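The block underneath contains the structure these notes are about, expressed in structure tokens.
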Amino acid sequence: MGLSLLVILSYFFRILAKRFKIPSVLLLIITGVILFHSLEYFGVNTGFRHDAISILGFIGLVVIILEGAFDLKVSKEKVPLITKSFFSALLILSLSVMAIGGVIYLFIQEEIYKCFIYAIPLSIVSSAIVVASSDSISPNKKEFIIYESTFSDILGVMFFEYFLLKVPEGKSYVLAVVSNLGLTVVLSVVIALVLIYLFQKINTKIKFFL
């Protein structure tokens, strides 16, 4: 019942998004937050666990990115575009972290290191909102935005994890970051190659669902 209402609600939000130029995903997020705190205020047990909500949110993010990525074509001609989108995401994320971290520092007078950690989630250009709201723009701009927002998500998560990385005493922090980064890159390449191989081998309609 709840899932059916959510699907109907997302359909109406999509209509409102096209009319008022407001991201439908943002409307869903605001609605979810309001409903959650309203039910909590009136003492209604929702039965949801916070870890389950986090997992569902992660799955939703992946699905949204995949939906946008289906329209992309990776080729040698796209390398400059991908490179520009990567460095654009890196530059915007870095500048945003420094700017927002500086503002947070002025208000709470916390250690600048912690202020940067607080600023990272606020600096990410979320693909969950950007990709879902890119239907009305030209294909070239849409392609760049999808790449950039996806890189922003990935870099933001990596920055956040490495800022919180705990290194045992006597070990180099730089070495720990480099080794973790290398492991992340290797695993990402392996998983990407496996997915490419699977997509090339699948010829049935299940490919669209995946």
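Readers should treat all values here as calculations from the given coordinates under stated rules, not as data from a laboratory. Please read these numbers as outputs of a predicted model, since none were measured by experiment. Neighbour counts run over all protein chains shown; Cβ positions are idealised from the backbone, glycine included.
Some points to look at:
- By the count of other C-beta atoms within 10 Å, a proxy for reagent exposure, Ser96, Ser123, Ser179 are ordered fewest to most as Ser179, Ser96, Ser123.
- Efficiency of FRET from Cβ geometry, Val157 and Lys84, R₀ 22 Å, rounded to 0.05: 0.55
- Efficiency of FRET from Cβ geometry, Val178 and Leu16, R₀ 45 Å, rounded to 0.05: 0.45
- Rounded to the nearest 20 debye, the dipole size of the range 71-164 about its Cα centre is 300 debye, using +1 on the Cβ of Lys and Arg and -1 on the Cβ of Asp and Glu.
- Added length on full extension, which subtracts the Cα-Cα distance from 0.36 nm per residue, Leu5 to Ile30: 7.4 nm
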